[in-house]
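K.L.:
Pasting a structure here, questions to come.
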Amino acid sequence: MLTLEDWTAIALTLKLASLTTFILLLIATPLAWHLAQTQGWWKAPLNALVALPLVLPPTVLGFYLLVVLGPKGWVGQSMQALGLETLPFSFTGLLVASVLYSLPFVVQPIQAAFSSLDRRLLEAALTLRAHPLDAFFTVALPLSKQGFLTAIVLGFAHTVGEFGVVLMIGGNISGETRVVSVQLYNHVEAMNYQAAHSLAALLVLFAFSVLLGLYYLNRGK
Amino acid sequence: MKKRLLSLVLLNSVYSSVLSADEVYVAVASNFFAPLAVLAQAFKAETGHELKVSTGSTGKLYAQIEHGAPFQVFLSADSKTPQQLVAAKLAVAESQFTYALGKLVLWSSEPNKLAEPVEVLKKNEFQHLALANPTTAPYGKAALEVLDSLGLSQSLASKQVQGENISQTYDFVATGNAELGFVALSQVQKEGELTQGSVWLIPEDLYTPIQQDAVLLVRGQAQPAALSFLKFLASKPAQTMISAYGYGLPKAD
């Protein structure tokens, strides 16, 4: 049913989604903490910035990445000056794109969890002379577990569902940038509908299970 | 063939004279998008009819037509796909004719890059070579044939990046993300002049000729304006315009 190429695409997608989620947790946790705590004037603009990928068409991101990361763009030129390869058509490029694209899906659940923390618990820990970092890791993090789980599931699933950006900067390279959604598109384009059906059904099953799990996880909340 | 087309047109001209300006839904292979925009203006000036143009790779447009897309005329980048549409009873056999002969080029957005093109390909000192997806785009298929003819398909396999159609392939090269790419001559030249970078006009014995056929789709049969557009496309002024964009012209039959 599934060809070797399909499996390659599936493996690549899982790798991309896992790495994206991992990097996003590292970025999103301090960012969400800051957004939950700050009352500064920059809170609203920063919130808006984080939420941008939710509303922008993926083509906007794809276009900017193609132009800015390419050898004629400023990021691309800086990278070449440092002796690095430019990002479009590479797995690293997809990773950068996915991190930007899935950012709000990871930041927002964590931020919500942080915002609803009972501040008195944190203050108690601090009064007992816990180091702020210590208080964060032993009090804030465990209490926000639900938010983190939701963030991980959504970040991962949303990266699996990525398509437009990859189509614009990927270049359709097997094992490097040809993720499941693009492989499915290739099957459809080549009118290979039987192969397309297998992959599409698999993705529906995956997305449904993920969402089902998520709703069970948040049951009664 | 052309005579039959003409008589069809004459039959329909009775209708078109009483009808006012109509819209013709045209599906066009990406490589011919720019010339078609100019042709559409000329057609409108002449007849008052307006073209509603949709673009994509030939293979993708075929799939769309097969699934009921409302196109009335199809301008393909090959002759095989219109034949398939005729065989599937989605297009009118007598209406099919060659409107242009496509020319494949190797293109770089940098000047002086392609003084010795075959050497550049053989030396393999670039990161990316762009081509259109060969399963759906005839120009991509031709690009693979060129690499095969030069014996380079193995050594350059890892450098290939695929555009969804020839327009995206052009974008990859124009933005510099791919140093080199196989595109249509019509995309990189305007009024006989190269617009940007450097180009290698690939010898035509390295690939199967890209015979681009137009066909009237079944959904266009009841639309006289669709037939008059096909007639216009085969006319001398239109053919002159097409050749100015870097296409070869079919020999008169």
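K.L.:
Select from the range A:184-221 the residues that are open to solvent by 60 Å² or more (accessible area, probe 1.4 Å), of a type in the set (S, T, Y) and within 29 Å of B:G140 (Cβ to Cβ) and list them in ascending order.
P.N.:
A:Y193
K.L.:
Out of A:A97, A:A51, which single residue is within 14 Å of the chain's Cα centre (by Cα), within 14 Å of another protein chain (Cβ to nearest Cβ) and among the small types (G, A, S)?
P.N.:
Numbers: A:A51 fails: within 14 Å of another protein chain (Cβ to nearest Cβ).
Of A:A97, A:A51, the one residue that is within 14 Å of the chain's Cα centre (by Cα), within 14 Å of another protein chain (Cβ to nearest Cβ) and among the small types (G, A, S) is A:A97.
K.L.:
I've got another one for you. Scan the range B:126-153 for residues that are touching a residue at least 60 places away in the same chain (Cβ under 8 Å) and more than 21 Å from A:M168 (Cα to Cα) and jot them down.
P.N.:
B:A142, B:E145, B:V146
K.L.:
Could you grab me the full set of residues in the range A:1-52 that are aromatic (F, W, Y) and more than 18 Å from A:P109 (Cα to Cα)?
P.N.:
So the first thing to find is which residues in the range A:1-52 are aromatic (F, W, Y), and the list is A:7, A:22, A:33, A:41-42.
The answer is A:W7, A:W41, A:W42.
K.L.:
Here is a list: B:Q187, B:Q211. Which entry is outside any helix (DSSP H, G or I), more than 14 Å from chain A (Cβ to nearest Cβ) and under 14 Å from the mean Cα position of the chain (by Cα)?
P.N.:
On the way: B:Q187 fails: outside any helix (DSSP H, G or I).
Matching residue, one of B:Q187, B:Q211: B:Q211.
K.L.:
Regarding B:V199, is this residue under 20 Å from B:Q127 (Cβ atoms), open to solvent by less than 10 Å² (accessible area, probe 1.4 Å), more than 14 Å from chain A (Cβ to nearest Cβ) and in contact with a helix residue (DSSP H, G or I) (Cβ under 8 Å, 6 or more places away or on another chain)?
P.N.:
no
K.L.:
Just name the residue that is farthest from A:M79 (Cα to Cα) out of those in the range B:156-178 that are part of a loop (DSSP other than H, G, I, E, B) and within 10 Å of chain A (Cβ to nearest Cβ).
P.N.:
Of the residues in the range B:156-178, the ones part of a loop (DSSP other than H, G, I, E, B) are B:156, B:164-165, B:175-178.
Then keep just the ones that are within 10 Å of chain A (Cβ to nearest Cβ); that gives B:164-165, B:175-178.
On the way: B:E164: 27, B:N165: 28, B:T175: 16, B:G176: 14, B:N177: 13, B:A178: 16 Å.
Ranking the qualifying residues of the range B:156-178, first place goes to B:N165.
K.L.:
Within the range A:109-135, work out how many residues are without any contact (Cβ under 8 Å) to a residue 60 or more places away in the chain, polar (S, T, N, Q) and either open to solvent by less than 30 Å² (accessible area, probe 1.4 Å) or assigned to a helix (DSSP H, G or I) (or both).
P.N.:
1
K.L.:
Looking at (1) in contact (Cβ under 8 Å) with a residue 60 or more places away in the chain; (2) of a type in the set (A, V, I, L, M); (3) crowded, with 21+ Cβ neighbours inside 10 Å, can you tell me which one B:A178 breaks?
P.N.:
Among (1) in contact (Cβ under 8 Å) with a residue 60 or more places away in the chain; (2) of a type in the set (A, V, I, L, M); (3) crowded, with 21+ Cβ neighbours inside 10 Å, B:A178 violates only (1).
K.L.:
Which of (1) open to solvent by 30 Å² or more (accessible area, probe 1.4 Å); (2) away from chain A (no Cβ under 14 Å); (3) outside any loop (DSSP other than H, G, I, E, B) does B:Y139 not meet, given it meets every other one?
P.N.:
(1)
K.L.:
Might you let me know whether the range B:48-56 holds any residue that is touching a residue at least 12 places away in the same chain (Cβ under 8 Å), on the phi > 0 side of the Ramachandran plot and outside any strand (DSSP E or B)?
P.N.:
yes
K.L.:
Take the conditions within 14 Å of another protein chain (Cβ to nearest Cβ), buried (at least 19 other Cβ atoms within 10 Å of the Cβ) and over 30 Å from A:L133 (Cβ atoms) and apply them to A:L69. Does it pass? Talk me through it step by step, then tell me what you get.
P.N.:
Numbers: within 14 Å of another protein chain (Cβ to nearest Cβ): yes; buried (at least 19 other Cβ atoms within 10 Å of the Cβ): yes; over 30 Å from A:L133 (Cβ atoms): yes.
Judged against the criteria, A:L69 is a match.
K.L.:
Go through (1) of a type in the set (S, T, Y); (2) within 17 Å of the chain's Cα centre (by Cα); (3) modelled with pLDDT of 95 or more one by one and return the number of the condition B:S149 breaks.
P.N.:
It fails just one condition, (2).
K.L.:
Any residue at all in the range B:89-99 that's closer than 15 Å to B:A27 by Cα, open to solvent by less than 10 Å² (accessible area, probe 1.4 Å), polar (S, T, N, Q) and in contact with a helix residue (DSSP H, G or I) (Cβ under 7 Å, 6 or more places away or on another chain)?
P.N.:
no
K.L.:
From the set of residues in the range A:136-175 that are in a helix (DSSP H, G or I) and within 14 Å of chain B (Cβ to nearest Cβ), which is nearest to A:L103 (Cα to Cα)?
P.N.:
The first filter runs over the range A:136-175 and keeps only residues in a helix (DSSP H, G or I), leaving A:136-143, A:145-160, A:164-169.
From what's left, within 14 Å of chain B (Cβ to nearest Cβ): A:164-169.
Numbers: A:G164: 16, A:V165: 14, A:V166: 16, A:L167: 19, A:M168: 19, A:I169: 18 Å.
Ranking the candidates gives A:V165 first.
Rundown of residues vs (1) within 14 Å of chain A (Cβ to nearest Cβ); (2) in a loop (DSSP other than H, G, I, E, B); (3) crowded, with 24+ Cβ neighbours inside 10 Å, yes/no style:
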residue: B:W107; (1), (2), (3): no, no, yes
residue: B:L121; (1), (2), (3): no, no, no
residue: B:A143; (1), (2), (3): yes, no, yes
residue: B:D148; (1), (2), (3): no, no, no
residue: B:Q154; (1), (2), (3): no, yes, no
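K.L.:
Here's something else I'd like to know. Under 6 Å by Cβ, and 6 or more places apart or on different chains, what pairs join a residue from the range A:201-221 that is touching a residue at least 24 places away in the same chain (Cβ under 8 Å) with one that is of a type in the set (K, R)?
P.N.:
That search, which allows pairs on different chains as well, returns nothing.
K.L.:
Please work out which residue is surrounded by the most Cβ atoms within 10 Å (Cβ to Cβ), limiting yourself to the range A:81-94 and to residues that are on the phi < 0 side of the Ramachandran plot and facing chain B (nearest Cβ under 10 Å). Walk me through it before giving the result.
P.N.:
Here is the first cut: in the range A:81-94, the ones on the phi < 0 side of the Ramachandran plot are A:81-82, A:84-88, A:90-94.
Checking which are facing chain B (nearest Cβ under 10 Å) leaves us with A:85-88, A:90, A:93.
On the way: A:E85: 15, A:T86: 22, A:L87: 24, A:P88: 32, A:S90: 21, A:G93: 25.
Checking each candidate, the answer is A:P88.
K.L.:
Can you spot a residue in the range B:13-22 that is modelled with pLDDT under 95, among the acidic types (D, E) and either over 16 Å from B:V215 (Cβ atoms) or outside the structural domain of B:P237 (by TED's automatic domain parsing) (or both)? Quick ask: steps written out before the conclusion?
P.N.:
To start, the set of residues in the range B:13-22 that are modelled with pLDDT under 95 comprises B:13-22.
With the extra rule that they be among the acidic types (D, E), the set shrinks to B:22.
The next check asks that each one be either over 16 Å from B:V215 (Cβ atoms) or outside the structural domain of B:P237 (by TED's automatic domain parsing) (or both); those that pass are B:22.
Checked against the condition, which is being modelled with pLDDT under 95, among the acidic types (D, E) and either over 16 Å from B:V215 (Cβ atoms) or outside the structural domain of B:P237 (by TED's automatic domain parsing) (or both), the range B:13-22 yields at least one hit.
The values are calculated or read from the model by the stated rules, or taken from the named source; none is laboratory data. A quick note: this is a predicted structure, and the numbers were derived from the prediction, not measured. Methodologically, a virtual Cβ is constructed for each residue, glycine included, from the backbone with ideal geometry; neighbour enumeration extends over all protein chains shown. Accessible surface is based on the protein model in full, side chains and every heavy atom, while ligands, DNA and RNA are left aside. Shrake-Rupley method; radii C 1.70, N 1.55, O 1.52, S 1.80 Å.
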